[in-house]
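Participant: The structure follows.
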Amino acid sequence: SLIHLDLSQNKLHILRPQNLNYLPKSLTKLSFRDNHLSFFNWSSLAFLPNLRDLDLAGNLLKALTNGTLPNGTLLQKLDVSSNSIVFVVPAFFALAVELKEVNLSHNILKTVDRSWFGPIVMNLTVLDVSSNPLHCACGAPFVDLLLEVQTKVPGLANGVKCGSPRQLQGRSIFAQDLRLCLDDVLSRDCFGLSLLAVAVGTVLPLLQHLCGWDVWYCFHLCLAWLPLLTRGRRSAQALPYDAFVVFDKAQSAVADWVYNELRVRLEERRGRRALRLCLEDRDWLPGQTLFENLWASIYGSRKTLFVLAHTDKVSGLLRTSFLLAQQRLLEDRKDVVVLVILRPDAHRSRYVRLRQRLCRQSVLFWPHQPNGQGSFWAQLSTALTRDN
């Protein structure tokens with residue numbers, strides 16, 4: 001007929017399920033307070049069908065995770081205070097429909113979740129969660145739960161305190177500072193922007209120090225490939241000529257090639273795709289000075305085509321035309337020079353060798369073999385119709 005068994009303040013470390021099976025079935029109160037139990041098999045409560053009060057306070061339980069309270073138990077009071085409980089499995093108390101008092105005080109709980117209790121939370125008469133380091137985050141759900149059952153929570157106003165964040169540590173859960181309630185999305189965005197600003201402020205000076213000239217060169221190289229971004233760009237339709245042909249008239253072989261090969265091939269044999277060439281003897285206006293005609297021809301043509309027999313000695317009109325073409329490069333940021341060298345075996349000046357490396361398509365050599373002339377004319381057409 002034993003109904004109350006108190007095994008408190010002993011040195012129990014282990015309590016096997018069969019141990020409860022050996023106890024009298026008539027027990028209504030069982031106490032294991034202030035022992036060293038770190039494990040309790042909750043399903044073993046089925047061996048004590050009349051148990052109403054279970055006291056496990058002052059032990060070493062770290063979590064209520066080993067199963068749940070068994071279905072059909074008549075347990076009305078459960079005391080697990082002064083343990084080290086940090087976690088409770090969902091629906092742990094839900095099947096104990098007769099449960100009235102739950103003491104979870106003096107543990108390490110950071111929240112009190114409605115899912116622990118299920119529908120029986122409204123049937124509780126005592127829910128003690130005092131002296132736990134609750135995390136008082138903005139909008140913490142346990143605040144709404146405790147307010148809903150506030151008459152059943154002892155010391156709700158002063159005994160239930162925050163353990164975190166640091167600004168609210170030791171204060172009541174109702175002492176939240178609204179200034180700490182930050183918008184998570186806004187916080188992440190601000191953090192991302194500040195991180196980006198720090199990264200840019202760190203990386204850009206480092207890159208400028210290590211490879212500033214290379215970046216500058218690549219930038220202007222890309223700028224040259226983007227016609228829409230260049231300044232002072234003249235529309236192709238606004239220029240009267242596609243190319244201004246410059247050559248030394250004193251060299252009869254060069255003049256004959258220009259009039260009988262170049263002009264015929266680019267103007268007469270291309271049909272609708274004929275190019276408009278500017279020739280000194282044909283297109284210069286009488287009455288104007290040499291420099292005025294020269295300036296109008298270079299700035300009125302998309303390209304300036306130099307036809308040379310050799311490149312080691314250039315003077316007179318050729319030199320002046322070249323200087324004006326270079327001046328256009330500085331003013332309009334457009335390289336308009338195209339070189340055609342009629343003698344591939346002639347000595348090549350340093351300028352020609354440099355241009356071959358920087359802009360190979362703007363330096364062409366006239367092939368004396370007939371089988372290579374078709375490719376030459378195609379390359380020349382490309383050079384005259386596209387930007388260098």
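The values are calculated or read from the model by the stated rules, or taken from the named source; none is laboratory data. In this text, all values refer to a predicted model and were calculated from it rather than measured experimentally. A quick note on method: Cβ atoms are made from the backbone with ideal geometry, for glycine too, and the neighbour counts reach across all protein chains shown. Heavy atoms of the whole protein, side chains included, go into the accessibility calculation; ligands, DNA and RNA do not. Shrake-Rupley method; radii C 1.70, N 1.55, O 1.52, S 1.80 Å.
Participant: Helix 373-385 sits at what angle to the longest principal axis of the chain, using alpha carbons and giving 0 to 90 degrees rounded to 10?
Facilitator: 70
Participant: Specify whether the C-alpha gyration tensor of region 241-385 places it in the rounded, prolate or oblate class, a ≥ b ≥ c being the square roots of the eigenvalues: rounded for a/c under 1.5, otherwise prolate if a/b is larger than b/c and oblate if not. Kindly include the intermediate steps, with their values, before the conclusion.
Facilitator: Details: a/c = 1.35, a/b = 1.13, b/c = 1.19.
Verdict is rounded for region 241-385.
Participant: Continuing with the same structure: Where Lys and Arg each count +1 and Asp and Glu each count -1, what net charge lies around Ser8 among other residues with Cβ under 9 Å from its Cβ? Intermediate results must be reported in sequence, preceding the final value.
Facilitator: Working: positive: Arg33; negative: Asp6, Asp34, Asp55.
Around Ser8, the charge tally is -2.
Participant: By average Cβ neighbour count within 10 Å, what is the ranking of 13-23, 374-384 from highest down? Could you put the intermediate results ahead of the total?
Facilitator: Details: 13-23: 12.7, 374-384: 14.7.
My ranking of the peptides, most packed first, is 374-384, 13-23.
Participant: As a test, work out the antiparallel percent of DSSP beta bridges whose residues both lie in region 4-172, rounded to the nearest 5. Kindly include the intermediate steps, with their values, before the conclusion.
Facilitator: Values: 1 of 20 bridges.
So the antiparallel bridges in region 4-172 amount to around 5 percent.
Participant: Scan (1) 137, 46, 41; (2) 169, 75, 52; (3) 84, 39, 31 for the value of Cα extents along the principal axes in Å calculated from this model and give just the label.
Facilitator: After the calculation, the listed value that fits is (1).
Participant: Could you work out what % of the accessible surface of the chain is carbon and sulfur, using a 1.4 angstrom probe and leaving DNA, RNA and ligands out of the count? Before the final figure, lay out each step's value.
Facilitator: Working: 12870 of 22300 Å².
Here it works out to 58 percent.
Participant: FRET efficiency for Ala224 and Tyr259, Cβ-Cβ distance as r, R0 = 35 Å, nearest 0.05? Mind dumping the intermediate values first?
Facilitator: Details: r = 34 Å, r/R0 = 0.97.
E between Ala224 and Tyr259, to the nearest 0.05, is 0.55.
Participant: Right, here's the next one. Send over a whole-number figure in Å² for the accessible area per residue of the chain, probe 1.4 Å. Before the final figure, lay out the partial values.
Facilitator: Values: 22300 Å² over 388 residues.
Here the residues of the chain average 57 Å² of exposed surface.
Participant: Taking a 25 Å limit on the Cα-Cα distance, which of the listed pairs Lys25/Lys152; Lys11/Lys110; Lys11/Lys77; Lys11/Lys62; Lys29/Lys161; Lys25/Lys100 fall beyond it?
Facilitator: Numbers: Lys25/Lys152 31 Å; Lys11/Lys110 29 Å; Lys11/Lys77 23 Å; Lys11/Lys62 18 Å; Lys29/Lys161 31 Å; Lys25/Lys100 21 Å.
Among Lys25/Lys152; Lys11/Lys110; Lys11/Lys77; Lys11/Lys62; Lys29/Lys161; Lys25/Lys100, the Cα-Cα distance tops 25 Å for Lys25/Lys152; Lys11/Lys110; Lys29/Lys161.
Participant: Hey, what angle do you get for helix 184-224 against the long axis of the chain, alpha-carbon based, 0 to 90 degrees rounded to 10?
Facilitator: 20
Participant: Helix-derived [θ] at 222 nm for the chain: sum -39500 (n - 2.57) over DSSP H runs of at least 4, divide by residue count, nearest 500? Write out the running numbers ahead of the final one.
Facilitator: Values: 9 runs with 112 residues, N = 388.
Calculated from helices alone, the mean residue ellipticity at 222 nm is -9000 deg cm²/dmol.
Participant: If the reach is capped at under 19 angstrom between alpha carbons, list the lysines near Lys303, excluding any in the same chain fewer than eight residues apart.
Facilitator: Correct list for Lys303: Lys334.
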